[in-house]
Amino acid sequence: MFAIIEDGGRQYRVQPGQELAIDLRDDVEAGSAIVFDRVLLANAGGESVIGLPVIESATVSATVANPLHKGLKLEIQKFRRRKNLRRHTGHRQKYTTVIINELQIPGLQVVEKQEAVPAEPVTATAEA
C-alpha cells in the first residue's frame, strides 16, 4: 500500500514504515506527530483512488524522527578567465526527518498479495 502526498510544493511517494526527509519545520520536536492531509493518490494492491485534486478526508500520519537534518553541501563556483573574477559559495539545505506510521484512505480496501504456489514439475514419460 502506498500513497502520493504533497508537502511544501513537492510530491512524495510514501509507504508505512518509510523514513522521509521533508523541508525544515521549526515548530516540531522529536517524537511529535505530523498529519499530511493533501493525499493525491492511493493504491492498495489492485485498487487505486485518485483525487481531483486531493482525496477527501484522506490523511497520512507520521512521527518526527529528527527535527533538524542537514543535507549534502553544494559547492558553487563562478570563474571568468582573464577577468580576475573568482567567486566561491556553498549551500546546505536543512530537512526534518519523519517516519510514516499509517495511511488512512476512506473507501480503499487493502488487497493482500497471494503467494505464488510453485507448480509441480512435469516429468516426461517415455511411451513405447
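What follows draws every value from the coordinates through simple rules; no lab data is involved. Everything numeric here is computed off the predicted structure, so don't read it as measured data. Neighbour counts are summed over all protein chains in view; Cβ atoms, including those assigned to glycine, are modelled from backbone coordinates with ideal geometry.
Considering only residues that are surrounded by fewer than 15 Cβ atoms within 10 Å (Cβ to Cβ), of a type in the set (S, T, Y) and over 30 Å from L72 (Cα atoms), which ones fall in segment 14-61? Within segment 14-61, S48, S57 meet the criteria. Note on segment 83-97: residues that are outside any strand (DSSP E or B) and of a type in the set (G, A, S) total 0. Looking across segment 34-53, the residues that are in contact with an Asp or Glu (Cβ under 7 Å, 6 or more places away or on another chain) and under 23 Å from A65 (Cβ atoms) come down to F36, R38.
Taking segment 13-71 only, how many residues are of a type outside the set (S, T, N, Q), more than 21 Å from P106 (Cβ to Cβ) and touching a residue at least 24 places away in the same chain (Cβ under 8 Å)?
Here the count works out to 19.
For the residues G31, G45, the requirement of being more than 18 Å from I100 (Cα to Cα) and not β-branched (V, I, T) singles out G45.
Look through segment 9-61, keep the residues that are basic (K, R) and not in a strand (DSSP E or B), and return whichever of them is nearest to R92 (Cα to Cα).
The qualifying residue nearest to R92 (Cα to Cα) is R25.
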